[in-house]
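Encoded as structure tokens, the structure appears first; notes follow it.
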Amino acid sequence: MRRGAGRGRGVGGRSKMGSRSSVEDAIDALRHGKFVLLHDSKDREDEVDMLIPAQFVTPKSIATMRRDAGGLICLALGYDVASRLGLLYMHDLLNLALDGRLRSMVSTCSPYGDRPAFSITINHKDTYTGITDRDRALTISKMASVAASVLNGEDGVAEFISSFRSPGHVPLLIAAKNLLKERKGHTEMAIYLAERAGLSPAVAICEMLDSTTYDALPFEKAERYAEKHDLCILDASMLMDDAAEHIIY
């Protein structure tokens, strides 16, 4: 189905969500702090992730991701932000830290062929356990502020060091430097959409799981969820088409 096909028009001329939405619909939704669903491809993870810009995350957002998606709630960061903060990929950190046979456990390539995007895990200093909806929302929303400070040329490193501790309960993901040209994962798709929307390159993402089959939620079920909750749903091919028209990296 091509972009925008099979969709009606809702009240006030707004697009009806569900099925496959347009990239512009998704960008508008993100600017208004709404969730967007993203599917990579059947040749990759074949998973749908729920995402929301970090600057709009609230405890309710975390509860929704935990309840309706069910995967690991992570925070995707743009490469420039991560680089300026001195963050490294977890596999690089482990290769530096581990000795001998333990180093053979370190994975630098996933089963579907990509380099893992994981970096360190963090908690904001004002959290208690760090795992509650309120705690994770605080960590993620405050990290959005750090990302914005870094991109504005402020001393985000000092803010990062003084405001967060590690290990924690929010895994950080580092997007590839060249985004979709280099890696077509949910991390890169999320950051691509945030940049297209003119938002801070910090996005909370979570895999959608199926409690009936105990596997990833099929795209068709994710479409029905999007329709029910008036959300946009996109796949990687649509973002690749959009990237060919809007070169922002």
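Quick notes on this structure:
- Elements of the type helices (runs of 4 or more DSSP H) sitting completely within segment 152-245 and holding at least 3 residues that are among the small types (Gly, Ala, Ser) and within 20 Å of the chain's Cα centre (by Cα): these cover 236-245.
- Boolean, residue 114 is in contact with a Lys or Arg (Cβ under 8 Å, 6 or more places away or on another chain) and touching a residue at least 12 places away in the same chain (Cβ under 8 Å): yes
- Any hit, segment 68-82, residues being under 13 Å from residue 172 (Cα atoms), surrounded by fewer than 20 Cβ atoms within 10 Å (Cβ to Cβ) and under 12 Å from the mean Cα position of the chain (by Cα): yes
- Inside segment 44-87, residues that are among the charged types (D, E, K, R) and in a helix (DSSP H, G or I) make up a count of 6.
- Extreme residue, modelled with the lowest pLDDT, among residues of segment 180-199 that are surrounded by fewer than 24 Cβ atoms within 10 Å (Cβ to Cβ) and either touching a Phe, Trp or Tyr at 6+ places or on another chain (Cβ under 8 Å) or of a type in the set (Ser, Thr, Tyr) (or both): 180
- Filtered by the rule that a residue be basic (Lys, Arg) and modelled with pLDDT under 95, segment 103-149 gives 103, 115.
- Filtering segment 117-135 to residues that are among the acidic types (Asp, Glu) and either buried (at least 18 other Cβ atoms within 10 Å of the Cβ) or touching a Gly at 6+ places or on another chain (Cβ under 8 Å) (or both) leaves 133, 135.
- Filter result for residue 93 (of a type outside the set (D, E, K, R), modelled with pLDDT under 95, outside any loop (DSSP other than H, G, I, E, B) and more than 20 Å from residue 222 (Cβ to Cβ)): yes
- Exactly one residue among 99, 135 is free of Cβ contacts under 8 Å to residues at least 12 places away in the same chain, over 23 Å from residue 38 (Cβ atoms) and of a type outside the set (S, T, N, Q), and that residue is 99.
- Residues satisfying the stated conditions in segment 119-134, i.e. in a strand (DSSP E or B), farther than 19 Å from residue 63 by Cα and not polar (S, T, N, Q): 120
The values are calculated or read from the model by the stated rules, or taken from the named source; none is laboratory data. These numbers were taken from a predicted model, which means no experiment stands behind them. No Cβ is skipped: glycine too gets one built from the backbone with ideal geometry, and neighbour counts run over all protein chains shown.
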